[in-house]
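Novice: Attaching a single structure in structure tokens format; questions to follow.
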Amino acid sequence: MIGVLVFPDFQLLDAAGPISAFEIAARFAEGAPAIRVLAVTPGPVRSSSGVEIVARGLKSASAITTLIVAGGEGVRQAAICEKTIGFVRTIARRGIRIASVCSGAYVLAEAGLLDGRRATTHWQRTRHFLKTYPQVKLEPDRIFVRDGDVWTSAGISAGIDLSLAMIAEDYGDEIAQKTAKQLVLYHRRSGGQSQFSSLLELKAPNGRFGSLLAWAHENLDAPLTVEDLAEQAGMSSRHFTRAFMAETGTTPSKAVERLRIEVARQRVQSSSEAIERVAQTTGFRDPERMRRAFIRAFGQPPQSLRRAARAG
């Protein structure tokens, strides 16, 4: 049984997305589990949109094999609710699969489930989450992250991506592909959150490191070490690294890689320039290094992105 935990002012799509994915998977898979919406107070639970969803009490969760925690505007209160946190911890002790959608990661973090684990959440929450839970290995550019039996996903619609991955694990790729097709979605969405994230917003002139990122963007073929960036920013390496992470939620080296990936992706998709040449001029140097970076960011190598762009 799939349990979806909601609370007052939850984000409707955080719950409805996974519910719909598992509902459709059940049409193709024999013996697919039932879905049950749960809340501390059973009955109608109002989402942030005003639309209500009827939930059962937490005592009805004894048969669930997967718990998915929604996010939304009400997550701050949910994350300090003793009954909610106690329930999540109890479920975790049973050793079942637990997931969060979007800011639902706050509930898992408060319950201690993310300590020392890799996780993600909505890009807009990155800075606050990093400051609040420094013990979590946050990966802000991921659509979803799995670390053992604990899964976390990025903002809102990413809960569907997470659910499709769970469906693939439970019933195989064929069922997941059929489900994605029925939903009119990609089976595996390429890319991360960087296209939406605060890191790219810092390219604007009013960003604290805007001029530095603009300079790095124009000098991607240079080494661009932390020392190089710190010198350009007029700061010591240690101070620069701390300040940059506090501002962007990522390390300077990951930020440089992101810039390189974005420029390389545009050139791979829009030109016939040799992959080796793209790797050289964007600072990757080695095509294999660029290939690994593309797979981390987009889930596929440069050649696949080029083929998809030409086909599209």
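Novice: Say whether the condition of being touching a Ser or Thr at 6+ places or on another chain (Cβ under 9 Å), buried (at least 21 other Cβ atoms within 10 Å of the Cβ) and in a helix (DSSP H, G or I) is met by at least one residue in segment 147-159.
Specialist: Yes; the residues of segment 147-159 include at least one that is touching a Ser or Thr at 6+ places or on another chain (Cβ under 9 Å), buried (at least 21 other Cβ atoms within 10 Å of the Cβ) and in a helix (DSSP H, G or I).
Yes or no, residue by residue, for (1) open to solvent by 10 Å² or more (accessible area, probe 1.4 Å); (2) without any contact (Cβ under 8 Å) to a residue 60 or more places away in the chain:
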| position | (1), (2) |
| --- | --- |
| Ser20 | yes, no |
| Arg36 | yes, yes |
| Leu58 | yes, yes |
| Leu67 | no, no |
| Cys81 | yes, no |
| Tyr106 | no, yes |
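Novice: Turning to a different aspect of this structure: Go through segment 216-244 and count every residue that is in a helix (DSSP H, G or I) and touching a helix residue (DSSP H, G or I) at 6+ places or on another chain (Cβ under 7 Å).
Specialist: Total meeting the criteria: 12.
Novice: Find the residue count for segment 89-104, including only residues that are closer than 22 Å to Ala154 by Cβ and surrounded by fewer than 24 Cβ atoms within 10 Å (Cβ to Cβ).
Specialist: Of the residues in segment 89-104, 2 are closer than 22 Å to Ala154 by Cβ and surrounded by fewer than 24 Cβ atoms within 10 Å (Cβ to Cβ).
Novice: Something else about it: Check whether at least one residue in segment 208-220 is closer than 30 Å to Ile19 by Cβ and either at pLDDT 85 or above or among the basic types (Lys, Arg) (or both), and report yes or no.
Specialist: Residues of segment 208-220 that are closer than 30 Å to Ile19 by Cβ, as a first pass: none.
No: segment 208-220 contains no residue that is closer than 30 Å to Ile19 by Cβ and either at pLDDT 85 or above or among the basic types (Lys, Arg) (or both).
Novice: Kindly indicate whether Val54 is among the hydrophobic types (A, V, I, L, M, F, W, C), outside any helix (DSSP H, G or I), at pLDDT 95 or above and open to solvent by less than 40 Å² (accessible area, probe 1.4 Å).
Specialist: Numbers: among the hydrophobic types (A, V, I, L, M, F, W, C): yes; outside any helix (DSSP H, G or I): yes; at pLDDT 95 or above: yes; open to solvent by less than 40 Å² (accessible area, probe 1.4 Å): no.
No; evaluated as a whole, the condition is false for this residue.
Novice: Taking Val184 as the residue in question, decide whether it is among the hydrophobic types (A, V, I, L, M, F, W, C) and at positive phi.
Specialist: Taking the combined requirement at face value, the residue satisfies it.
Novice: When segment 245-270 is examined, which residues are found to be surrounded by fewer than 16 Cβ atoms within 10 Å (Cβ to Cβ), outside any loop (DSSP other than H, G, I, E, B) and without any contact (Cβ under 8 Å) to a residue 40 or more places away in the chain?
Specialist: Answer for segment 245-270, where residues must be surrounded by fewer than 16 Cβ atoms within 10 Å (Cβ to Cβ), outside any loop (DSSP other than H, G, I, E, B) and without any contact (Cβ under 8 Å) to a residue 40 or more places away in the chain: Ser253, Gln266, Ser270.
Novice: Which residues, counting only those in segment 38-51, are open to solvent by less than 60 Å² (accessible area, probe 1.4 Å) and not in a loop (DSSP other than H, G, I, E, B)?
Specialist: Result: Leu38, Gly43, Val45, Ser47.
Novice: Being in contact with a Leu (Cβ under 9 Å, 6 or more places away or on another chain) and at positive phi, is that true of even one residue in segment 223-236?
Specialist: Yes, the conditions are met somewhere in segment 223-236.
Novice: Starting from residues that are in a helix (DSSP H, G or I), open to solvent by 40 Å² or more (accessible area, probe 1.4 Å) and polar (S, T, N, Q), keep the ones in segment 271-308 and report whichever is modelled with the lowest pLDDT.
Specialist: Looking at residues that are in a helix (DSSP H, G or I), open to solvent by 40 Å² or more (accessible area, probe 1.4 Å) and polar (S, T, N, Q), I get Gln303.
Novice: Looking at segment 162-193 only, could you name the residues that are modelled with pLDDT under 90, surrounded by 22 or more Cβ atoms within 10 Å (Cβ to Cβ) and within 16 Å of the chain's Cα centre (by Cα)?
Specialist: Gly192, Gln193
Novice: Next question. Restricting attention to segment 1-36, which residues are farther than 19 Å from Thr84 by Cα, under 21 Å from the mean Cα position of the chain (by Cα) and of a type in the set (A, V, I, L, M)?
Specialist: Leu13, Ala16, Ile19, Ala21
The values are calculated or read from the model by the stated rules, or taken from the named source; none is laboratory data. Just so you know, these numbers come straight off a predicted model, no measurement behind them. FYI the Cβ positions are ideal-geometry reconstructions off the backbone, even for glycines, and counts take in every protein chain you see. These area figures cover heavy atoms from the full protein model, side chains too; ligands, DNA and RNA do not enter into them. Shrake-Rupley method; radii C 1.70, N 1.55, O 1.52, S 1.80 Å.
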